[in-house]
1. For the chain, list the DSSP H helices whose alpha carbon atoms reach 30 Å or more along the long axis and whose average Kyte-Doolittle value is -0.5 or above?
2. Indicate, rounded to the nearest 5 percent, the antiparallel portion of the DSSP beta bridges found entirely in the chain.
3. FRET efficiency for THR185 and ASP121, Cβ-Cβ distance as r, R0 = 45 Å, nearest 0.05?
4. Compute the signed sum of charges (Lys and Arg +1, Asp and Glu -1) over the other residues within less than 14 Å, Cβ to Cβ, of GLY203.
5. Starting from the Cα of ALA22, move 7 Å in the Cα-to-Cβ direction to define the label point; list residues of region 166-185 whose amide nitrogen is under 19 Å from there.
6. HIS380 to ARG262: extension gain in nm, 0.36 nm per residue of separation minus the Cα-Cα distance?
7. Once fully extended, how much extra length lies between ALA211 and TRP171, figured as 0.36 nm per residue of separation less the alpha-carbon to alpha-carbon distance?
8. Please work out, to two decimal places, the log10 of the ratio I(q)/I(0) at q = 0.08, 0.09, 0.12 Å⁻¹ from a Debye calculation in which every Cα of the chain carries one identical scatterer.
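Please treat every number below as a calculation from the coordinates, not as lab data. In this text the structure is predicted, and so the values were computed from the model without any measurement. Here the Cβ positions follow ideal geometry from the backbone for every residue, glycine too, while neighbour counts run over all protein chains shown.
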Amino acid sequence: MRARLLLGILLPVGLLLALNTASIYRQALHSADIAYDRTLLASAKAIGELLTVTGPEGAPRLLAQVPYAALEAFEADNRSRMYYRVTGFQGEHVSGFDDLPVWRGRIPDRGIYAALVDFYDDRYREQPVRVAVLLQPVASPVTQGTATIQVAETLELRQTLARQMLLDTLWHQALLMAVIAVVVTAVVHWVTRPVRRLSTAIGARRAGELAPLDGAEAPRELRPLVEAANDALQRQARLLAHQKRFVRDASHQLRTPLAVLRVQVQSALRGDLPAREALLEIGHTVDGATRLANQMLALAKVEQLRQQGDAPVLDWAEVVRDVALDLAPLVAARNLDFHLDAQPMPVRGHAWALHELVRNLLHNAIRVSPEGAALGLRMHTADGQAQLTVADQGPGIADSLRPRLMQPFARGDTDEVAADGAGLGLAICQEIVASLGGRLTLDNRLDGARVLGLDASVRLPLAHQPPT
């Protein structure tokens, strides 16, 4: 991250400094050209002051007595050379270097000097030169005209000055870049110190440690990361605790039926009981162990579904009707007066979880209902929630059992269901309802002090979209 921050900051700054260097270099060259062009113009004006006109009015003749020594005053040093050429009124060569290329251009409409002057680049004697052209009016008592004065200078001095300006600019920009790099590196190192501390704290944690990270000193930008990490650690801790509980419960609960099964097998081998009776006892024990294993796996699967996030939208009424149809043989075997009142109820939940919830509640109600009693399932909405009520005419729930009834493997001494079952049915229902954001209540129906039966009610949030 530090490398990316440094690259993200220093690369744009470096590009900006490079562009700034190029711009400063061009501006410096332009300023140098203006300064040296002024010298060329002064040279041309000095030559123009030495021009005279002779001859009659009809045939004027331009004279230029210009010694080359007159230009030495305008030469900056011996690294550059100056050349000139004077052209008369009719384009004839008057003085200077006759092989200097004749000017073919035009005077700019708007110049920076108060003179008829033009500047351009050319080549003379295989060297690049800068040329100033001055149109100089010349008059005499008998005639007047315009002379063309060209002064050329080689570019050694300008190039040397340009290189020096470039080196000076690069040196200053490199120093500035170095200062910026040091400052940015120090700032990035200081700013990322909390990240390094957090990384060190995480790396120093023991294997399996799931305690929340301390984000009190973390900067505001890192707090969402710390909170998300703590949330993930909490989920992992819950999952690990659930797995430990599952292993502990499985080892504890399966030990008894397996021990009973071993005794029964040994008894059958010794011939203590007739073979058929021994096999019936073994089968009963295997059925109980199978039912216990299935319930424990169901309890573990609820936690897996909880980790999957949002559940799909289903019609709870269809699930209730399917479960009622599956358990119809049990209802018929007890000759129960069964009635179902179901209407469409869209809720969010996994099909397996909803089936397991309804199956456990209805199966318990069937088992505790006296033969020929009434058993009803009713669905309706209440306070914006879908509610399912399973009403039986069983013995209800004793007040002494209510505090621990939803706990896994909670069993009663007189309750037929608890004594014969594994004590996981209501615990599974409670876990499923909690994972779906609902509520499970068990209320005795009373007629004074007499218990008429039990109402097992489940409330789940209604979904905002129709079931698919």
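1. Working: long enough: 2-48 (67 Å, 0.76); 156-191 (51 Å, 1.01); 223-253 (44 Å, -0.84); 275-307 (48 Å, -0.07).
Going by DSSP H runs, the hits are 2-48, 156-191, 275-307.
2. Working: 60 of 65 bridges.
Rounded to the nearest five, the antiparallel share is 90 percent.
3. Step by step, r from the Cβ atoms, then E = 0.50.
4. Summing Lys and Arg as +1 and Asp and Glu as -1 gives +3.
5. What the label zone holds, given the 19 Å backbone N cut-off, is 166-174, 177.
6. 37.5 nm
7. 8.9 nm is the gain from fully extending ALA211 to TRP171.
8. -0.73, -0.84, -1.08
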